[in-house]
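The values are calculated or read from the model by the stated rules, or taken from the named source; none is laboratory data. Treat the numbers as computed from the prediction; the structure is a model and nothing was measured. Don't worry about glycine lacking a Cβ; one is built from the backbone with ideal geometry, like all the others, and counts go over all protein chains shown.
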Amino acid sequence: MITDCNIVNIESNNNLDNLLKKAFFIDIETTGLSKIYSDIISITAMLYENGCYKIHQVFCEYKMDELEALKYLKDLINQKKYVITYNGNSFDIPFLAYKFQKHCINFDFDSFVKIDLYNWLRHLKNKIQIENLKLKSVEEYFNIKRNDCISGKDVAVLYKAYKIDPRKEFSYLIMRHNYEDVFNLPKLLNSILDLYDDVLYYNGLIVKINSKDFNIKKNNLYCKFGIISDRMTDYVYPGINFNLNMNSAAQTMELNILLSFFKDDKISEFYFVNNNEYKVKTYTAIEGIKKNLIPVKFNSKIFYNNIINILKKIMNSIF
């Protein structure tokens, strides 16, 4: 088994520091897609330890190295709270979980909050013009540069060659490819977060907001957001004018805000909240309407900035 470790600098906004220090990024290379019949070629994990970020790599020269590679990985990541991948929920994590079980190593990926950047991007695909969501295509779209020149298919070919003739350049190319897959994930995380209409940061909680997350029905504003939180239990907050429910397993938050409603011969529908109840400092008002009324929807126009300001006020009062 070959191991390697390098100190790296990562690009991230300051609001993510607390999360990233509790997280590990991971990607694996395998001989095939079947977790039952395929073997691990290499594992690359990036994490914060001893005051800096490091990339650890394991290369399995032989089939028997898989057990030691998994033990090595477990010792690295055991104390972390988040696992960050690209399509890892569908491939890397189930593959590793099966191998841990196969080798009778007690390790449960369900103890981590799973952040799969592929799933995030899949739900935001309408915001970008891209042919497919393969990692290299996504990196090119966001102008994230790579230093390796091989593909995932090349890895399997190189590994077969290595088994016949264990040349150092073969293992180096494989590990370099796996290294790049992980090293670029923080940059990709930042780029995807920038696609959201707004992102709110609180202590131990990140709320991702898009305008399509808002829906008005029967004098209520319904909001459903994706969140990032290391809370292990659900959270419910019943307010006087709103109700908030946070599902830790699904990593979602639902907020139901009670609206007031008015209509007459000139106004077909006017949904609003009374600012005497929220104390929002800045919002967009409507000429001719009392200034203490915050418009949420006026006829066909939805006031998204007002909604976000109301949301921020509610969140600040809770968190």
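Within segment 7-20, can one find any residue that is assigned by TED's automatic domain parsing to the domain that holds Val182, part of a strand (DSSP E or B) and out of contact with any Lys or Arg (no Cβ under 6 Å at 6 or more places or on another chain)? Steps first, please.
Of segment 7-20, the ones assigned by TED's automatic domain parsing to the domain that holds Val182 are 7-20.
Next, only the ones that are part of a strand (DSSP E or B) stay: 7-8.
This time we only want the ones that are out of contact with any Lys or Arg (no Cβ under 6 Å at 6 or more places or on another chain), so: 8.
Scanning segment 7-20 turns up at least one residue that is assigned by TED's automatic domain parsing to the domain that holds Val182, part of a strand (DSSP E or B) and out of contact with any Lys or Arg (no Cβ under 6 Å at 6 or more places or on another chain).
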**Q.** Number of positions in segment 103-138 that are surrounded by 18 or more Cβ atoms within 10 Å (Cβ to Cβ) and in contact (Cβ under 8 Å) with a residue 60 or more places away in the chain
**A.** 5
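Among the candidates Glu277, Glu269, which residue alone is more than 24 Å from the chain's Cα centre (by Cα), among the acidic types (Asp, Glu) and closer than 17 Å to Ser317 by Cα? Walk me through how you get there before you give the answer.
Details: Glu269 fails: closer than 17 Å to Ser317 by Cα.
Going through Glu277, Glu269 in turn, just one is more than 24 Å from the chain's Cα centre (by Cα), among the acidic types (Asp, Glu) and closer than 17 Å to Ser317 by Cα: Glu277.
From Val182, Val155, which residue is surrounded by 15 or more Cβ atoms within 10 Å (Cβ to Cβ), part of a helix (DSSP H, G or I), over 19 Å from the mean Cα position of the chain (by Cα) and β-branched (Val, Ile, Thr)? Explain how you work it out, then say what you get.
Values: Val182 fails: over 19 Å from the mean Cα position of the chain (by Cα).
Matching residue, one of Val182, Val155: Val155.
Of the residues Ile192, Ile174, only one is crowded, with 16+ Cβ neighbours inside 10 Å, farther than 23 Å from Cys60 by Cα, at pLDDT 95 or above and in contact with a helix residue (DSSP H, G or I) (Cβ under 7 Å, 6 or more places away or on another chain); which?
Working: Ile174 fails: farther than 23 Å from Cys60 by Cα.
Just a single option satisfies the conditions, and that option is Ile192.
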(Q) Tell me yes or no: at least one residue of segment 64-83 is hydroxyl-bearing (Ser, Thr, Tyr), without any contact (Cβ under 8 Å) to a residue 40 or more places away in the chain and assigned by TED's automatic domain parsing to the domain that holds Leu189. (A) no
Q. Only one of these conditions is not met by Phe100: (1) surrounded by 15 or more Cβ atoms within 10 Å (Cβ to Cβ); (2) not in a helix (DSSP H, G or I). Which number is it?
A. (2)
Q) Does Asn203 fit the bill of being under 24 Å from the mean Cα position of the chain (by Cα), farther than 15 Å from Ile41 by Cβ and without any contact (Cβ under 8 Å) to a residue 24 or more places away in the chain? A) no
